[in-house]
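Read-outs throughout are calculated quantities, based only on the coordinates presented, and are distinct from any laboratory measurement. What you are looking at is a predicted structure, and each value in this text was computed from that prediction instead of being measured. Here the Cβ positions follow ideal geometry from the backbone for every residue, glycine too, while neighbour counts run over all protein chains shown.
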Amino acid sequence: MQLITPEISPGLEPNAGLPVGYGAERDAPAPTPESLKAGEQESLLLNLDTSLRVYSRPHFFSWTQGLLQSLIRHEVLICALRSGEPSSLSVDSFAMNAADPAIFCETFLRDAPVAPALIKAWEERRFRPVVCALSDLPAVAGSNFARELERVGATRLIAHGTHDTDGVAESFFVFACAQGPDVQRQAYVAQLLVPFLHAAWIRARMNGRTRGNDIPKPARTSTITAREREILKWIYLGKSNFEIGAILNISPLTVKNHVQKILRKLNVVNRAQAVGKALELRILSL
């Protein structure tokens, strides 16, 4: 967890932080439910319901790096919360495929123009989501933050937040994505999700300070066998059941049975959630 006060660049012009083309979209019609693809409305409802049961950092990690990926596929999630003064941010980052996820929150704030530029772009869009490539924002392009994102293949940003009655950002969330998403759909999903993301993140932080009873117990790790740990490792590396079976010299059906047992033992619904929880519970060490 990093607590750093970024410097606001005095030379930032009113539209300097805006991605290319977003000035013209200021008065564009707001996205609608029809922006969602088939099946995504059901996934949205499931995600909103799941967010209400997030009460700890492990829960938050499992949700955002698991089920939430079905709506906004991302390599890195940056969570920023106002801490005291408007320009002071407490920031954390979450990533599945990075050796040290903390590097993203560190560079997010240590590259002084990055956070102010993204928040300014959001404000200039009347607090509507910003969807852009790294290269669209001069303050971001070429920064250490951008270079770290590029290392994990994330070249596109979806940014949205919450604000108080004075229009000052209370929280700000940045999804760093590998591929260029459908702008309208992703913006609409971000608008719906971020208030729930904000509430879940607040609860997780409060729980971390009070050491609540919702944090998963280490004893649960004993239910995962050595073979299941091995399969979890290959799932983390993106291997299919067929590929895992070939590597371990077992049938794909046997792999599937092991995967189903892993899901039940970890109380999750898919492979991504299983990996996320395994990482948080230290079952999976890479």
| query | What length, rounded to one decimal in nm, is gained on full extension from Arg126 through to Thr254, with 0.36 nm per residue of separation minus their alpha-carbon distance? | reply | 40.8 nm
| query | What is the gain in length, in nm to one decimal, between Leu52 and Glu243 on full extension, counting 0.36 nm per residue of separation less the C-alpha to C-alpha distance? | reply | 65.2 nm
| task | Report the label-to-label distance for Arg73 and Glu230 in nanometres (one decimal), using points 7 Å from each Cα along the Cα→Cβ vector. | result | 3.0
| Reachable lysines, given that their alpha-carbon falls under 29 Å from the alpha-carbon of Lys265 and they are not under 8 places away in the same chain | Lys217, Lys233, Lys239, Lys256, Lys277
| remark: Per the stretch 218-280, sqrt(5λ) over the Cα gyration tensor eigenvalues, sorted largest first, in Å, gives 19, 11, 10
